[in-house]
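I have placed the structure first, in the form of C-alpha cells, so that the comments after it can refer back to it.
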Amino acid sequence: MILLRIITLSIHLLLMNLASVGPLLAVWLDVRATRRQSPEISKIGQKIGWWSVAALIVGILVGLIQGLLIWMEGNPQYFEALDGLWASKVTFGFWEIGFSLICTGGYLAWWKYGSRAALWQRLLSRFLAILSATNLLYHFPTLFTILGLIARGEVSVDAPVDSGEFRTLLIQGEVIWFTLHFWFASFAVSGMVAGMIALAKLPEDQREGTAGAAFTIALIATLLQIPVGFVLTTTLNSTQQSRLMGEDPVCTAMFAVSLFLALWLMHLLASLAFFDRSWRKVYMASATLGGTILLMTATMLLSRG
C-alpha cells in the first residue's frame, strides 16, 4: 500500500507542479513571441498552457486516488481533519479549481482566437493566466500542508476550523517552507517541460535561445531548493528528523540518494542551460527529475511513519 501511495503522490505532485506554473511559463513565452514576432513560440506557449489545464484535471483525479488509498489504510485522522476544514476551506477549494480552469482556458482561447492587437488586450489576457497560477500556488500547498499537520496532531485546533484560525496556521514553519519548496519544484518541472517542447518544436534559429532560457529557469529553481530544503528539514518534528538521520535506515538511504540526484540534476540542467542541449542530456535530466521527486516523496511519507 505504501508503494502505491508513493507512486500516486509523486505523480500527483508532478502534475500539480505543471498545473501551477505552466500558465506563467505560457505568459513568458507569449511575451517572448510578441517581442520576436514568432508564431512558432506562440504555439509552444499555447501548448504548455493547455498541458497545464490537462495536468490540473488529471492531477485532481490522481489526488482522489491518493485519498482512496489513505482511506483503505484505515487512517481516520486524515478524514477527521478534512471534515474540520470542509466548510471553511475545502468547499471553496472546488471553486478555486474552477476559477483557475476558467482563467487559463479564457487566456488561451483569447490568445489563439481573439483580438490582442492593443497592449491593454495582451496585458488583460495575460493577467488571467497569472491569476490562475497564483491562485493555485497560494491555496493548495498551504491547504494540504495544514491538513497534514492537523491529521498528525502537530497543531492543536478545534473543529470546525474557521477561516481566521486557518490563517493563523499559515505562519507555521513547515507550512511556509513546504509551500516555497512546492513553488520552486513547480518552476523546475515547468521549465523542464518548456525546454523540451522548445527543442522539439521550434525552428533552429529560435530553438537554442528559448530552450536555454527555459532550462535556466529550471536550474535556478532547483538551486533555490537547497536553502529551502535545508530550512524545511529543520522545521520537521523530532521524530521525522530522527528517521531522516539514521533511525530508519530505508528512509535515511532514500533521503541520501534523493540529495545526490538533486545535485546531479543541477549539473545536468546547467549543461542544458549553457552548453549541451542534446536529447541525451534532456532524457537524463528528465529521468533524474522524476527520480528526485519519487524519492523525496518516499522520504516524506516514510519519515511520517
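Taking the conditions exactly as written (modelled with pLDDT of 90 or more and open to solvent by 70 Å² or more (accessible area, probe 1.4 Å)), does R32 satisfy them or not? It is false that R32 is modelled with pLDDT of 90 or more and open to solvent by 70 Å² or more (accessible area, probe 1.4 Å).
With respect to (1) in a helix (DSSP H, G or I); (2) closer than 27 Å to L149 by Cβ, the lone exception for G74 is condition (1). Would you check if there is a residue in segment 106-114 being under 19 Å from S20 (Cα atoms) and loosely packed, with under 15 Cβ neighbours inside 10 Å? Checked segment 106-114: at least one residue is under 19 Å from S20 (Cα atoms) and loosely packed, with under 15 Cβ neighbours inside 10 Å.
Give me a count of the residues in segment 243-262 that are touching a residue at least 40 places away in the same chain (Cβ under 8 Å) and either on the phi > 0 side of the Ramachandran plot or in a helix (DSSP H, G or I) (or both). Step through it out loud before you land on a result.
Residues of segment 243-262 touching a residue at least 40 places away in the same chain (Cβ under 8 Å): 243-244, 248, 250-251, 254-255, 258, 262.
Checking which are either on the phi > 0 side of the Ramachandran plot or in a helix (DSSP H, G or I) (or both) leaves us with 243-244, 250-251, 254-255, 258, 262.
Looking only at that region, the number is 8.
Confirm whether S286 is assigned to a helix (DSSP H, G or I), over 28 Å from I220 (Cβ atoms) and open to solvent by 20 Å² or more (accessible area, probe 1.4 Å). No. Of the helices (runs of 4 or more DSSP H) that lie entirely inside segment 131-237, those containing 3 or more residues that are modelled with pLDDT under 95, surrounded by fewer than 22 Cβ atoms within 10 Å (Cβ to Cβ) and polar (S, T, N, Q) span 204-235.
For the structure I just gave you, tell me whether K112 is part of a helix (DSSP H, G or I), among the basic types (K, R) and under 27 Å from I6 (Cα atoms). The answer is no for K112.
Which one of these is of a type in the set (G, A, S) and more than 22 Å from I11 (Cβ to Cβ): A211, A218, A298, A287? Working first, answer last.
Values: A218 fails: more than 22 Å from I11 (Cβ to Cβ); A298 fails: more than 22 Å from I11 (Cβ to Cβ); A287 fails: more than 22 Å from I11 (Cβ to Cβ).
Unique residue meeting the criteria: A211.
For E80, the criteria (1) over 20 Å from the mean Cα position of the chain (by Cα); (2) open to solvent by 60 Å² or more (accessible area, probe 1.4 Å); (3) within 20 Å of L124 (Cα to Cα) hold in every case but one, which is (3). The single residue among L295, L263, L272 that is aliphatic (A, V, I, L, M) and touching a Lys or Arg at 6+ places or on another chain (Cβ under 9 Å) turns out to be L272. Given the structure, is L68 touching a helix residue (DSSP H, G or I) at 6+ places or on another chain (Cβ under 7 Å) and either part of a helix (DSSP H, G or I) or at pLDDT below 95 (or both)? No; evaluated as a whole, the condition is false for this residue.
Regarding I44, is this residue open to solvent by 40 Å² or more (accessible area, probe 1.4 Å) and either in a helix (DSSP H, G or I) or farther than 11 Å from A194 by Cα (or both)?
Values: open to solvent by 40 Å² or more (accessible area, probe 1.4 Å): no; either in a helix (DSSP H, G or I) or farther than 11 Å from A194 by Cα (or both): yes.
Answer is no for this residue.
Just one of the listed residues (W95, W50, W86) is assigned to a helix (DSSP H, G or I), open to solvent by 50 Å² or more (accessible area, probe 1.4 Å) and free of Cβ contacts under 8 Å to residues at least 40 places away in the same chain, and it is W95.
The values are calculated or read from the model by the stated rules, or taken from the named source; none is laboratory data. Nothing here was measured: the structure is a model prediction, and the numbers come from that model. So basically every Cβ, Gly included, is an ideal-geometry build from the backbone, and we count neighbours across all protein chains shown. Surface areas here come from the heavy atoms of the whole protein model, side chains and all, with no ligands, DNA or RNA. Shrake-Rupley method; radii C 1.70, N 1.55, O 1.52, S 1.80 Å.
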